[in-house]
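Just below is one structure, and these are the notes that go with it.
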Amino acid sequence: QLQLQESGPGLVKPSETLSLTCTVSGDSVVTTIYYWGWTRQRPGTGLEWIGGLMFSGRPYYNPSLQSRVTISVDTSKNQFSLSLRSMTAADTAIYYCQRGRMGEDWFDPWGQGTLVTVSS
Amino acid sequence: QSVLTQPPSVSAAPGQKVSISCSGSTFNIGSKYVSWYQQLPRTVPKLLIYNNDKRPSGIPDRFSGSKSGTSATLGITGLQTGDEADYYCATWDNSLSAAVFGGGTKLTVL
């Protein structure tokens with residue numbers, strides 16, 4: 001059964017870079033029918049797609065975050081990662097990783113989510 | 001402000017039926033598949049409907065999806081108190097080259 005698990009710091013200082021990793025178990029990230037991505041949920045608000053990347057393709061990012069985001073895939077570790085630069089309090093959120101279906105763009109499964117707080 | 005518009009809240013009595021709308025444009029719903037997610041309080045979003053009207057294994061047939069033009073609808077029949085959750089629609093937006101979620105709809109089962 002495919003499972004995704006986020007890992008990374010729960011606390012980040014303002015202006016620093018957030019680095020999160022999603023470890024995939026039960027399947028390989030090397031696939032041409034799925035892509036790997038991130039979504040976040042700020043406190044009390046809805047879901048916001050951050051971006052996604054197929055193992056061998058170009059990444060796609062939310063235009064509102066594009067200047068600060070990098071998503072990458074590590075096939076050797078069966079993981080993918082999120083880097084979000086210049087963090088501010090507005091980036092405090094639960095960050096979820098998920099698998100997306102190419103061309104159909106539904107997301108399943110999701111990781112359990114990790115809360116990231118931006119504070120000095 | 002999302003490019004997909006959902007009502008902030010809907011409510012209905014147990015046993016009744018409710019519909020949640022998701023309105024978009026030709027750049028997104030009008031030309032791409034729609035999916036729906038259920039987020040129970042303090043839990044991870046769960047895929048309810050994909051490809052407009054398909055249910056993943058394990059999702060009861062009380063949940064249904066449909067799409068017409070630039071709008072999509074999630075229907076829930078035989079409402080149960082356990083259906084109280086936030087519901088989100090999602091699709092791809094060709095003008096943004098990005099996936100987009102609706103703002104979410106909070107369902108209250110009175």
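The values are calculated or read from the model by the stated rules, or taken from the named source; none is laboratory data. Keep in mind that this is a model prediction, so the values were computed, not measured. For neighbour counting, all protein chains shown are included, and Cβ atoms are generated from backbone atoms with ideal geometry for every residue, glycine included.
With respect to the stated conditions, residue A:2 is more than 17 Å from residue A:89 (Cα to Cα) and either among the hydroxyl-bearing types (Ser, Thr, Tyr) or in contact (Cβ under 8 Å) with a residue 12 or more places away in the chain (or both).
Scanning the range B:91-102 for residues being facing another protein chain (nearest Cβ under 7 Å) and either in contact (Cβ under 8 Å) with a residue 12 or more places away in the chain or touching an Asp or Glu at 6+ places or on another chain (Cβ under 8 Å) (or both) gives a total of 6. For the range A:87-119, the candidate set comprises residues that are in a loop (DSSP other than H, G, I, E, B) and at pLDDT 95 or above; within that set, the residue that is nearest to the other protein chains (Cβ to nearest Cβ) is A:106. With respect to the conditions (1) of a type in the set (Gly, Ala, Ser); (2) surrounded by fewer than 18 Cβ atoms within 10 Å (Cβ to Cβ); (3) at the interface with another protein chain (Cβ under 9 Å from one of its Cβ atoms), residue A:51 falls short on a single one, namely (2).
Against the test of being among the hydroxyl-bearing types (Ser, Thr, Tyr) and not in a strand (DSSP E or B), the options A:70, A:23, A:45 yield a single qualifying residue, A:45. If you filter the range B:29-65 down to residues that are more than 28 Å from residue A:115 (Cβ to Cβ), part of a loop (DSSP other than H, G, I, E, B) and among the hydroxyl-bearing types (Ser, Thr, Tyr), you find that the one that is nearest to the other protein chains (Cβ to nearest Cβ) is B:33. The residue list B:75, B:65, B:102, B:58 contains one member that is more than 21 Å from residue A:98 (Cβ to Cβ) and of a type outside the set (S, T, N, Q), which is B:75. Candidates are the residues of the range A:82-120 that are crowded, with 17+ Cβ neighbours inside 10 Å and aliphatic (A, V, I, L, M); the one that is nearest to residue A:32 (Cα to Cα) is A:82. Just one of the listed residues (B:26, B:73) is assigned to a strand (DSSP E or B) and touching a residue at least 40 places away in the same chain (Cβ under 8 Å), and it is B:73. Every condition in (1) within 11 Å of the chain's Cα centre (by Cα); (2) crowded, with 19+ Cβ neighbours inside 10 Å; (3) over 18 Å from residue B:14 (Cβ atoms) is met by residue B:76 except one, and the failing one is (3).
Could you go through the range A:56-67 and let me know if any residue there is over 25 Å from residue B:97 (Cβ atoms) and not in a strand (DSSP E or B). Checked the range A:56-67: no residue is over 25 Å from residue B:97 (Cβ atoms) and not in a strand (DSSP E or B). Could you say which residue among A:72, A:81 is within 11 Å of the chain's Cα centre (by Cα), away from chain B (no Cβ under 14 Å) and without any contact (Cβ under 8 Å) to a residue 24 or more places away in the chain? When all the criteria are applied, what remains is A:72. Condition check for residue B:11 on (1) under 23 Å from residue A:95 (Cβ atoms); (2) part of a strand (DSSP E or B): one failure, at (1).
Within the range A:18-39, the residues that satisfy the criterion of being loosely packed, with under 13 Cβ neighbours inside 10 Å and touching a residue at least 60 places away in the same chain (Cβ under 8 Å) are A:32, A:33. Of all residues in the range B:76-90, exactly one satisfies the criterion of being within 14 Å of chain A (Cβ to nearest Cβ) and either acidic (Asp, Glu) or in a helix (DSSP H, G or I) (or both), namely B:86.
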